[in-house]
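Take a look at the structure below.
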Amino acid sequence: MKKSLITILVIVGLVLLLVMMLSGRYNRLVTLEEGVTASWAQVENVYQRRADLIPNLVNTVKGYADFEQSTLTQVIEARAKATSVTIDPTNLNEASLQQFQQAQEGLGSALSRLMVVVERYPDLKANQNFMDLQAQLEGTENRITVERRTFNETAQAYNTEIRRFPNNMLAGMFGFEKKAYFQAESGAEKAPEVQF
């Protein structure tokens, strides 16, 4: 009777130990996945900040009657497209992230064209409101870069953890999937050509 009681206690103890170990690993995966979600929310936050600055920038530029209307229209359309693309943070895969990135690249490209055209308007470049908005936009672009890097680091920590043994088995059982990374913009691998 004592031997069977000891055997049962040992088995129960081992099962409890196994459950505690697995629950600790599971909780770590949940924590890392939530970190990726929070990091993604911050990426969206800084992109939204950029999108919020654009109407003010466009309205400031509109004040100059002879400004190219087509450039303003392109910026407005690119902003609308960029803000319409949303991603569910639980489904951060390559395809959805690439779609988001393409919309944001389109907006960045339209803003770059706007800044090039602005160069032809010295009065606009000297406008304090425009200069303030331009400085805020530049600061926001830097924030975007920082938050994208932070997101990639958080996603890397999560992806590494779900691939390690025995976490990979636990991740497979509970549906933890790899998260996509931000990639460099197309053409970024080529150095710009500078001519004097």
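In the stretch 166-179, which residues are part of a helix (DSSP H, G or I) and loosely packed, with under 13 Cβ neighbours inside 10 Å?
Step one: of the stretch 166-179, the residues part of a helix (DSSP H, G or I) are 167-174.
Those that are part of a helix (DSSP H, G or I) and loosely packed, with under 13 Cβ neighbours inside 10 Å: MET169, GLY172, MET173, PHE174.
Of all residue pairs spaced 6 or more apart or on separate chains, those with beta-carbon atoms under 7 Å, a first member in the stretch 78-91 that is among the hydroxyl-bearing types (Ser, Thr, Tyr) and a second member that is part of a helix (DSSP H, G or I) and surrounded by 15 or more Cβ atoms within 10 Å (Cβ to Cβ) are THR83/ALA51.
Of all residues in the stretch 118-158, those that are touching a residue at least 24 places away in the same chain (Cβ under 8 Å), among the hydroxyl-bearing types (Ser, Thr, Tyr) and in a helix (DSSP H, G or I) total 4. When each of ILE87, ILE54, ILE76 is tested for being closer than 18 Å to LYS179 by Cα and either touching a strand residue (DSSP E or B) at 6+ places or on another chain (Cβ under 7 Å) or of a type in the set (Val, Ile, Thr) (or both), the lone residue that passes is ILE87.
Residues of the stretch 30-57 that are over 20 Å from the mean Cα position of the chain (by Cα) and surrounded by 18 or more Cβ atoms within 10 Å (Cβ to Cβ): LEU57 alone.
May I ask you to verify whether SER112 is exposed (fewer than 12 other Cβ atoms within 10 Å of the Cβ), under 27 Å from the mean Cα position of the chain (by Cα) and part of a helix (DSSP H, G or I)?
For SER112, the condition - exposed (fewer than 12 other Cβ atoms within 10 Å of the Cβ), under 27 Å from the mean Cα position of the chain (by Cα) and part of a helix (DSSP H, G or I) - is met.
In the condition set (1) under 30 Å from TYR26 (Cα atoms); (2) at pLDDT 85 or above; (3) assigned to a helix (DSSP H, G or I), ALA82 is compliant with all but (1).
For the stretch 37-44, check the following and say yes or no: at least one residue is touching a Lys or Arg at 6+ places or on another chain (Cβ under 8 Å), within 29 Å of THR154 (Cβ to Cβ) and of a type in the set (A, V, I, L, M). Please lay out each step first, then the result.
Narrowing the stretch 37-44 to residues touching a Lys or Arg at 6+ places or on another chain (Cβ under 8 Å): 43.
Now narrow it down to the ones that are within 29 Å of THR154 (Cβ to Cβ): 43.
Subset that is of a type in the set (A, V, I, L, M): 43.
The answer is yes; a qualifying residue exists.
Against the numbered list (1) exposed (fewer than 15 other Cβ atoms within 10 Å of the Cβ); (2) in contact with a helix residue (DSSP H, G or I) (Cβ under 8 Å, 6 or more places away or on another chain), ARG79 comes up short only at (1). For ARG163, the conditions (1) surrounded by 13 or more Cβ atoms within 10 Å (Cβ to Cβ); (2) at pLDDT 80 or above; (3) not aliphatic (A, V, I, L, M) all hold with the exception of (1).
Here PHE67 meets the list (1) aromatic (Phe, Trp, Tyr); (2) modelled with pLDDT under 85; (3) assigned to a helix (DSSP H, G or I) almost entirely, failing just condition (3). Checked against the criterion of being touching a helix residue (DSSP H, G or I) at 6+ places or on another chain (Cβ under 8 Å), in a helix (DSSP H, G or I) and closer than 30 Å to ASN129 by Cα, the stretch 29-37 contains not a single residue that satisfies it.
The values are calculated or read from the model by the stated rules, or taken from the named source; none is laboratory data. Computed from a predicted structure; not experimentally measured. Because the Cβ atoms are built from the backbone with ideal geometry, glycine has one as well, and the counts that use them run over all protein chains shown.
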